[in-house]
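No lab work stands behind these numbers, since they all come straight from the coordinates. Bear in mind the structure is a predicted one, so any value in this text is a computation, not a measurement. A quick note on method: Cβ atoms are made from the backbone with ideal geometry, for glycine too, and the neighbour counts reach across all protein chains shown.
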Amino acid sequence: MVHAKDFTGNDPLCLNPYPAGTWTNEIVVCDRGTNARVDKSANVAAGGAKGFVLANTAEQGESLSMDPHSIPAIHIGVADGDLLRAWLDSGSGHMATLSGTIKEVNTNFGDIMASFSSRGANRALPDIIKPDVSAAGGGDHRSPGCE
């Protein structure tokens with residue numbers, strides 16, 4: 001397991017595709033931010049990564065997303081991300097595996113509004129409040145994995 005910042009251009013955000021052969025079967029950690037989450041995994045896959053960890057920074061906190069990545073992937077919050085980055089910075093030869101997960105369905109999550117949803121007045125026109133109604137099922141209409 002390696003952190004992307006230690007390779008080709010010191011790019012912890014995995015902004016661009018890595019050259020083929022940058023990695024051989026490694027799990028690569030990328031920091032969240034700036035570019036689409038799914039682009040990050042595609043960029044490390046181009047360099048030969050076989051797994052991907054998306055690690056939040058303080059800006060994103062513990063917010064997690066389920067995205068359709070191009071290689072096996074996991075998304076972790078800032079607390080776990082900070083621990084993982086510190087561990088990787090402590091030396092070399094770190095080993096890890098990614099394995100299957102179980103989807104958790106919890107009806108208590110139904111009352112949590114998505115981070116990208118409107119929560120109040122329009123800043124430019126404060127007398128307009130949208131949405132008029134908040135309800136389940138709308139989904140994210142942006143491109144998958146956008147910040």
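Observations on the model:
- Extension gain (nm, one decimal) between residue 13 and residue 50, 0.36 nm per residue minus Cα-Cα: 11.6 nm
- Residues 59, 104 in ascending order of nearby Cβ atoms (within 10 Å, fewest first): 104, 59.
- Residues 123, 32, sorted so that the one with the fewest Cβ neighbours within 10 Å comes first: 123, 32
- Sequence of 2, 28 once ranked by neighbouring C-beta atoms within 10 Å, starting from the fewest: 2, 28
- Estimated FRET transfer efficiency when R0 is 30 angstrom, pair residue 25-residue 79 (beta carbons, to 0.05): 0.60
- Divided by 2.2 N^0.38 Å, where N counts the residues, the Cα radius of gyration of the stretch 2-89 comes to 0.96.
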